[in-house]
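What follows draws every value from the coordinates through simple rules; no lab data is involved. What you are looking at is a predicted structure, and each value in this text was computed from that prediction instead of being measured. All Cβ positions, even for glycine, are placed from backbone atoms using ideal geometry, and neighbour counts span all protein chains on display.
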Amino acid sequence: MKTVLIYVLSSKKDPYRKMIDTAMETWDAEPLDGTRTVYYTGRPVGGDTGRILSFHVPDELNFVGRITLTAFAHALRHWQFDYLARPNISCYVRKKTLLDHCQSLPDRGVMQGIVALPTYHCQVQRPFMWGGGQYIFSHDVVEDLVGQQAKWRHTLMEDVAMSELAQDCGHTLSNGKMCSINKTDSGWNVLSYGGKPGFDFTEWSDVAKADDQFYFRCKHDPDRSVDELVMRELKLHLP
């Protein structure tokens, strides 16, 4: 079996620290053979466990690239894995569906997510992989990102900089799939990127129709407590 390290970009700041607990109580409540889940953060360092790591990097948006590179280097030193799945803490992960998906991926050269158009305003001419769409990397891609980190452009947003470096290393960005759960005036919406079409719903039992998805983005910017509500409903209603 090919193995997956689920390495969650996290933070100890509010509301994200509580979201780590929510993840552990919902989608990451039970262990699954072939996977390991670790949540990584920047400073403050301390209070780490086998599942939460902190690194000596400022926990600020413009340092996310440095936090990620430090975390990836740590993963390469300490764990064996075939693929590194990198969701954000506002993402609900169906671990078994993710693990099954990875069994069919090539052994090398995998950088999969949601490919977006170039961001010309920052003088980037190539497509990039949107961070909100989550990622899957094969082991060799993680090695290349860490090995060539001196070329990482920290003046760019992390997702753009990572995509640029991966392409400089000869890797091709490829579309995978994910979906976003969005609150609407009349209920909820599943916005699908790849896989089955999205849909509107009012009864949470209907969310099971998105049975081919493994990444569910739960981020609701107007009220981040909604993230927790969505994760708990997904835990109850997803197969």
Checklist line | GNM flexibility winner over the chain from C179, C102, C122 (Cα, springs under 10 Å) | finding: C122
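Structure shown: which of K151/K219; K196/K235; K183/K209; K95/K151; K18/K235; K95/K219 lie over 26 Å apart, alpha-carbon to alpha-carbon?
Details: K151/K219 31 Å; K196/K235 20 Å; K183/K209 17 Å; K95/K151 33 Å; K18/K235 17 Å; K95/K219 19 Å.
Too far apart for the 26 Å limit: K151/K219; K95/K151.
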Note to self: Only counting other Cβ atoms within 10 Å, I'd like T68, T26 sorted with the fewest neighbours first.
What the structure shows: T26, T68
Margin query: Below 8 Å, C-alpha to C-alpha, sequence gap of six or more: please give me the relative contact order for the chain in percent.
Written below: 19 percent
Item checked: Given charges at beta-carbon only (K, R positive; D, E negative), |dipole| of region 178-237 in Debye -> 180 debye
Next item on the list: For the chain, with a Gaussian network of springs between Cα atoms less than 10 Å apart, report the residue from D200, D185, D227 with the top mean-square fluctuation.
Entry: D185
Check: Lys/Arg Cβ at +1, Asp/Glu Cβ at -1, dipole of region 132-210 taken about the Cα centre: which of W204, G194, G147 is farthest positive-ward?
Finding: W204
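So if I place +1 on the C-beta of Lys and Arg and -1 on the C-beta of Asp and Glu, and nothing else carries charge, what would the dipole magnitude of region 99-223 be about its Cα centre? I want it in debye, nearest 20. Don't skip to the answer; put the middle values down first.
On the way: 10 positive and 17 negative charges, 58 e Å.
For region 99-223, the charge dipole is close to 280 debye.
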Next item on the list: Take the Cα atoms of the chain, find their three principal axes, and give me the spread along each one in whole Å, biggest first.
Entry: 49, 40, 39
Notebook entry, point to check: For region 178-237, what mean projected area does the convex hull of the alpha carbons give, in nm²?
Noted result: 3.7 nm²
Margin query: Rounded to the nearest 20 debye, what is the charge dipole size of the chain about its Cα centre when +1 sits on each Lys and Arg Cβ and -1 on each Asp and Glu Cβ?
Written below: 360 debye
Note to self: Check which residues have an amide H placed less than 5 Å from L53's amide H, if you skip close sequence neighbours.
What the structure shows: Y39, Y40, T41
Note to self: Just to check, using Stokes-Einstein with a Kirkwood Rh over alpha carbon pairs, what's the diffusion coefficient of region 1-116 at 25 °C and 0.890 mPa s in µm²/s?
What the structure shows: 166 µm²/s
Next item on the list: Work out how much length C122 to L229 would gain on full extension: take 0.36 nm times their residue separation and subtract the Cα-Cα distance, in nm to one decimal.
Entry: 34.9 nm
Margin query: Using a 7 Å offset from Cα along Cα-Cβ at D100, what residues in region 209-239 end up with backbone N under 14 Å from the label point?
Written below: 209-215, 238-239
Check: Label points 7 Å out from Cα along the Cβ direction at K209 and F63: separation in nm?
Finding: 4.5 nm
Item checked: Selected from V45, V110, V141 as most flexible by GNM, with the chain as the system and alpha-carbon contacts under 10 Å -> V45
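Give the Rg/Rh ratio for region 39-80, taking Rg as the radius of gyration of the Cα atoms and Rh as the Kirkwood radius, to two decimals. List each step's numbers first, then the result.
Working: Rg = 9.9 Å, Rh = 10.4 Å.
Expressed as Rg/Rh, it is 0.96.
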Item checked: Rounded Å value of the spacing that divides the Cα centres of region 79-128 and region 170-239 -> 17 Å
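How much of the DSSP bridge set in region 4-175 is antiparallel, in percent, rounded to the nearest 5? Mind dumping the intermediate values first?
Working: 8 of 23 bridges.
Approximately 35 percent, going by the DSSP bridge assignments.
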Checklist line | Helix 16-25 axis, angle to the chain major axis (alpha carbon atoms, nearest 10°) | finding: 60 degrees
Item checked: Chain lengthening between H154 and D168 when straightened (0.36 nm per residue, less Cα-Cα) -> 3.5 nm
Check: Quick one: if you stick a label point 7 Å off each Cα along the C-beta vector at D33 and R51, how many nm between them?
Finding: 2.1 nm
Check: Taking +1 at the Cβ of each Lys and Arg and -1 at the Cβ of each Asp and Glu, which of M24, C102, A166 sits farthest along the dipole of the chain towards its positive end, judged by Cα position relative to the Cα centre?
Finding: A166
